[in-house]
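The values are calculated or read from the model by the stated rules, or taken from the named source; none is laboratory data. Quick caveat, the model's predicted, so the values are computed rather than measured. Note that we place each Cβ from the backbone using ideal geometry, even for glycine, and neighbour counts take in every protein chain shown. Just so you know, the surface numbers come from the protein's heavy atoms only, side chains and all, with ligands and any DNA or RNA stripped out. Shrake-Rupley method; radii C 1.70, N 1.55, O 1.52, S 1.80 Å.
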Amino acid sequence: MSLAFSSPAYYPRSGKTSNGQVRPVFGTTRKFFMPKMFACSASIATPDTQAYEIELEDKKHILLSAIQETQRGLSTTAEQRSSIEESLVNVETYNMGEPIDLVKLNGTWRLQYTSAPDVLVLLEAAARLPFFQVGQIFQKFECQDQTNGGIIRNIVRWSIPNLLEDQEGATLLVSAKFSAVSARNIYLQFQEITLQDIIISEELQAAIAPAILPRSFISLQILQFLRTFKAQIPVRDPGRQSVGGLYYLSYLDNNLLLGRAVGGGGVFVFTRAQSLY
């Protein structure tokens with residue numbers, strides 16, 4: 001939008017007659033002042049753009065509402081899965097085919113729903129076994145300054161009741177390199193599995209080093225060892241290509257990430273989370 005303000009000014013010259021009367025003088029050179037233009041610009045959302053954004057937010061809300069009571073996909077009926085799939089497709093159509101924005105993808109994402117068997121087996125084990133808990137599950141992309149890929153870390157917080165801190169007593173990290181192979185597909189090459197961030201429960205800590213007794217050097221060493229424990233297991237053999245998989249990023253914006261493991265590996269719904277490390 002532009003606004004123009006015009007301010008021309010013209011003053012005719014005058015002369016005098018023999019009797020002293022003032023008369024206008026015609027035919028003389030006239031001076032005109034060109035109008036000054038003042039430009040003002042503003043960005044205005046069109047009704048079509050506003051309607052598009054409102055419709056998209058409605059579709060996202062329907063999807064997040066559909067998965068809300070599913071325990072991240074663990075307890076879903078066939079009817080619920082069908083409804084969730086329909087809601088997924090409705091959101092995916094909004095930026096289908098657009099290239100992956102690595103700057104937007106970079107960061108930590110919290111798992112809200114999945115149908116992936118390798119994740120559901122962990123959730124099922126936690127539901128059935130009294131000595132095993134699964135806390136939050138994240139996916140972290142490290143690709144801020146990259147042009148064609150980066151690092152992806154699957155982060156699972158888990159625990160053993162009475163021995164480790166509730167829900168988040170330990171962290172399992174599965175790290176992989178990824179590279180973009182098409183506008184929306186990324187290829188994962190798994191690198192290693194890491195067990196770290198052991199946080200023992202207060203009960204176990206009291207058993208190892210009771211607070212009411214003088215703590216021995218050995219008990220303090222045990223506590224320190226557990227707190228700093230870190231085990232790394234490579235998942236690739238030297239000289240061989242690492243185990244990998246194709247991952248389709250079907251939708252991405254500032255706060256929602258949808259993905260599909262190619263080959264029937266399940267769907268994933270993530271929302272933006274605060275950085276973990």
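Annotations
- R72 meets the stated requirement of being touching a residue at least 24 places away in the same chain (Cβ under 8 Å), buried (at least 18 other Cβ atoms within 10 Å of the Cβ) and of a type in the set (K, R).
- All of Q112, Q136 fail the test of being among the polar types (S, T, N, Q), within 23 Å of the chain's Cα centre (by Cα) and surrounded by fewer than 19 Cβ atoms within 10 Å (Cβ to Cβ), apart from Q136.
- Condition broken by A125, with the remaining ones in (1) under 22 Å from L252 (Cβ atoms); (2) loosely packed, with under 15 Cβ neighbours inside 10 Å satisfied: (1)
- Answer residue from region 44-69, given it is under 30 Å from V121 (Cα atoms) and in a helix (DSSP H, G or I) and is most open to solvent (accessible area, probe 1.4 Å) among those: H61
- The condition of being open to solvent by less than 20 Å² (accessible area, probe 1.4 Å) and without any contact (Cβ under 8 Å) to a residue 60 or more places away in the chain does not hold for F131.
- Qualifying residue in region 190-197 (condition: in contact (Cβ under 8 Å) with a residue 12 or more places away in the chain, among the acidic types (D, E) and over 30 Å from L102 (Cβ atoms)): no
- In region 182-204, the condition of being at pLDDT 80 or above, exposed (fewer than 15 other Cβ atoms within 10 Å of the Cβ) and aliphatic (A, V, I, L, M) is met by at least one residue.
- All conditions but one from (1) buried (at least 16 other Cβ atoms within 10 Å of the Cβ); (2) not in a strand (DSSP E or B) apply to Q167; the one that does not is (1).
- Pairs meeting the criteria (first residue in region 107-124 and farther than 20 Å from L173 by Cβ, second residue part of a helix (DSSP H, G or I), beta carbons under 6 Å, at least 6 apart or on different chains) are Y113/R72; Y113/G73; S115/G73.
- Considering only residues in region 86-102 that are open to solvent by 70 Å² or more (accessible area, probe 1.4 Å) and over 19 Å from V181 (Cβ atoms), the one that is modelled with the lowest pLDDT turns out to be T93.
- E142 being open to solvent by 20 Å² or more (accessible area, probe 1.4 Å) and closer than 28 Å to Y251 by Cα: yes
- In summary, T70 fulfils each of the numbered conditions (1) within 19 Å of the chain's Cα centre (by Cα); (2) modelled with pLDDT of 95 or more with the single exception of condition (1).
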